[in-house]
Amino acid sequence: MRHLMNPLDFSAAELDELFDLAKSISEDPEKYSRVCKGKILATCFYEPSTRTRLSFESAMLRLGGEVLGFSEASSSSAAKGESVSDTIRVISCYADICAMRHPKEGAPMVAASRSGIPVINAGDGGHQHPTQTLTDLMTIRTLRGSLNNFTIGLCGDLKFGRTVHSLIEALMRYTGIRFIFISPPELKIPDYITDELNAKGIEYEEVIRLEDSIGDLDILYMTRVQRERFFNEEDYVRLKDFYVLTNEKLQLAKENMMVLHPLPRVNEISVEVDDDPRAVYFKQAQYGVYVRMALIMTLLGLEVQNA
Ligand code: NCD
């Protein structure tokens, strides 16, 4: 049985297969609409989410399966003190696969070690968010045609943003990628990531001003400041509007640069930018459904012939 805790749990070749499957689903969704008939996905969300939980549920429903679950810890037995290990053992009797989000780093991993069904990490604290990374990679691969040879700027909360951590780790496997980390000093990328980049000899730069580097970028990955992970509100208020991408700043960017964002957006991208063809974050959310459909099929070992 296979779980997904980290984007690196799949080899680059396996990811290619997964993206090919997601592409094929996007081209003919009807063909896949009964693949998961009789299967149940449990979404166990101990932390708020709109996109991730609903995109998992949408993915399972579009495959002809069913869904059950909870969307906050207070409405589950966690409120009574149940451990994730016990919860997953019980959920294993009710469902065939589980997507779990938890505020504690490593909680989905603990659950996976006790689980009778595949577990997907749908975000654990400030640590990892592998299915967002699959979504990001699928978006880049589809719209650029390749996952090699580009300069990517990651901008915003690089300290607490788990989507950023997962994406960098995943991109380290491809060639010709240059990273530019754009953040205020308080929200800079964790040392464990720069240590890894140094050890692998991968090129990166750390800058504070978006305007200084936007012109070099092929991809700009914007992120929101992660309010829920701050220790005090004052720091959050001081940093929350540090970056605001506007049409004016976009004028400094390449004609074919792509703007990605895992969403939800707060203020970091002005709504006027939505109409610029370089803004691809809503398309990215659509790819998220196809890639989760492909992932559910893969972890359940299902093929379209089963339909
Ligand atoms: C991200 C997350 O939960 O980490 N959202 C998402 O899943 N699309 C990003 C965020 O909350 O800022």
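Some points to look at:
- Taken over the range 12-71, the criterion of being within 16 Å of the ligand (Cβ to nearest atom) and β-branched (Val, Ile, Thr) is satisfied by 43, 50, 52.
- Within the span defined as the range 203-210, every residue fails to be in the same structural domain as residue 157 (by TED's automatic domain parsing), within 16 Å of the ligand (Cβ to nearest atom) and farther than 30 Å from residue 67 by Cβ.
- Some residue of the range 185-197 being surrounded by 14 or more Cβ atoms within 10 Å (Cβ to Cβ), within 16 Å of the ligand (Cβ to nearest atom) and free of Cβ contacts under 8 Å to residues at least 24 places away in the same chain: no
- Assessment of the range 32-40 against the conditions (at pLDDT below 95, surrounded by fewer than 21 Cβ atoms within 10 Å (Cβ to Cβ), out of contact with any Ser or Thr (no Cβ under 8 Å at 6 or more places or on another chain) and farther than 11 Å from residue 297 by Cα) yields no matching residue.
- Residue identified as surrounded by fewer than 21 Cβ atoms within 10 Å (Cβ to Cβ) and not in a strand (DSSP E or B) among 151, 139, 135, 175: 175
- When 86, 124 are checked against the criterion of being among the charged types (D, E, K, R) and within 11 Å of the ligand (Cβ to nearest atom), 124 stands alone in meeting it.
- Elements of type helices (runs of 4 or more DSSP H) contained in the range 199-307, each with 3 or more residues being modelled with pLDDT of 95 or more: 210-213, 247-250, 281-299
- Every residue from the range 259-276 that is over 29 Å from residue 30 (Cβ atoms) and not acidic (Asp, Glu): 259, 261, 264, 265, 266, 267, 269, 270, 271, 273
- Only one entry of 87, 52 meets the criterion of being within 16 Å of the chain's Cα centre (by Cα) and either over 26 Å from residue 144 (Cβ atoms) or modelled with pLDDT under 95 (or both), and that entry is 52.
The values are calculated or read from the model by the stated rules, or taken from the named source; none is laboratory data. Since the structure is predicted, the reported quantities are computational estimates derived from the model, not experimental observations. Here the Cβ is made from the backbone with ideal geometry for all residues, glycine too, and neighbour counts use every protein chain on show.
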